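These notes concern the structure reproduced below.
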Amino acid sequence: MSPVDMRQKQIILEFSALNDWEDRYKKVIELGRALSPMAEELKTESNRIKGCQSQVWLAAQLDSQGHVVFQGDSDALIVKGLVALLLNVYSGSSPEDILQNPPEFLKVLGFEGNLSPSRANGLHAMLKQIRFYATAFAYVLNSKQKP
């Protein structure tokens, strides 16, 4: 089982214990408040996620082990919590692990059906950007390995 898959299963366990969506939203907001602050210099137009109603930024870099490390932020509490959820699942993973493990936890927990249309669109835009970064970093890493 991959690290991304294990993190998804852990989130499913945590959120399945919450009985209603009010409690789940509270948990999402809690995660947003606990999110490590994003460096202000990374809150640029090029790191802003298009398609989100609120302001959302997402930046990524490769660490020395070839893992993608994400930083993110939002000016809206629930959206910031969604950013935190995605970062908890994908940050610190290899590009291949990110690309091979779609966010099944969102479907299992019913996030897609319980978010407003604008938040759901923003969530999909964030996921698209995460996959874009993973694809780009996989290409970079594969290029380095070729003679």
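Each value in this text was obtained by applying a stated rule to the coordinates, not by laboratory testing. Note that this is a predicted model, so its numbers are computed, not measured. Neighbour counts are summed over all protein chains in view; Cβ atoms, including those assigned to glycine, are modelled from backbone coordinates with ideal geometry.
Between Ser54 and Lys144, the simple label model (points 7 Å from Cα in the Cβ direction) yields a spacing of 3.5 nm. Residue exposure proxy: Arg24, Arg33, ordered by other Cβ atoms within 10 angstrom of their Cβ from fewest to most, comes out as Arg33, Arg24. Restricting attention to segment 49-128, which trypsin sites (Lys or Arg not before Pro) occupy a DSSP loop and are surrounded by at most 13 other Cβ atoms within 10 Å? Here the trypsin sites (Lys or Arg not before Pro) that fit, given the DSSP loop and packing criteria, are Lys50.
Normalised by the residues of the chain, what does the relative contact order come to in percent, with Cα pairs under 8 Å and at least six apart?
Numbers: 179 pairs, mean separation 41.4, N = 147.
Worked out over the chain, it gives 28 percent.
Enclosing the Cα atoms of the chain in their convex hull gives a volume equal to 110 cubic angstrom per residue. Near Ala84: Cβ cut-off under 11 Å, other residues only, Lys/Arg at +1 and Asp/Glu at -1. The net charge is +1.
Sum -39500 (n - 2.57) across every DSSP H segment of at least 4 residues in the chain, then divide by the residue count to get the 222 nm mean residue ellipticity, nearest 500.
Working: 7 runs with 87 residues, N = 147.
Rounded to the nearest 500, it is -18500 deg cm²/dmol.
Taking only the Cα atoms of segment 1-68, the radius of gyration and Dmax are 15.4, 41 Å. Listed by chain and number, the aspartates and glutamates whose alpha-carbon sits under 18 Å from that of Lys144, ignoring those within fewer than 8 places in the same chain, are Asp63, Glu96.
At a 10 Å Cβ-Cβ cut-off, how would you order Tyr25, Tyr139, Tyr133, fewest neighbours first? Each step should come with its number before you reach the end.
Numbers: Tyr25 16, Tyr139 11, Tyr133 20.
Fewest-to-most Cβ neighbours within 10 Å comes out as Tyr139, Tyr25, Tyr133.
Charged neighbours of Asp5, selected by a Cβ distance under 11 Å, balance to 0 (K, R count +1; D, E count -1). In segment 90-147 the Cα-Cα distances spread across 10 Å bins starting at 0 as 21, 43, 25, 9, 2 percent of all pairs. Residue separation of Ile12 and Gln100 scaled by 0.36 nm, minus their Cα-Cα distance, works out to 29.8 nm of gained length. In this Cβ point-charge picture (+1 for Lys and Arg, -1 for Asp and Glu), segment 3-145 has a dipole of about 200 debye about its Cα centre.
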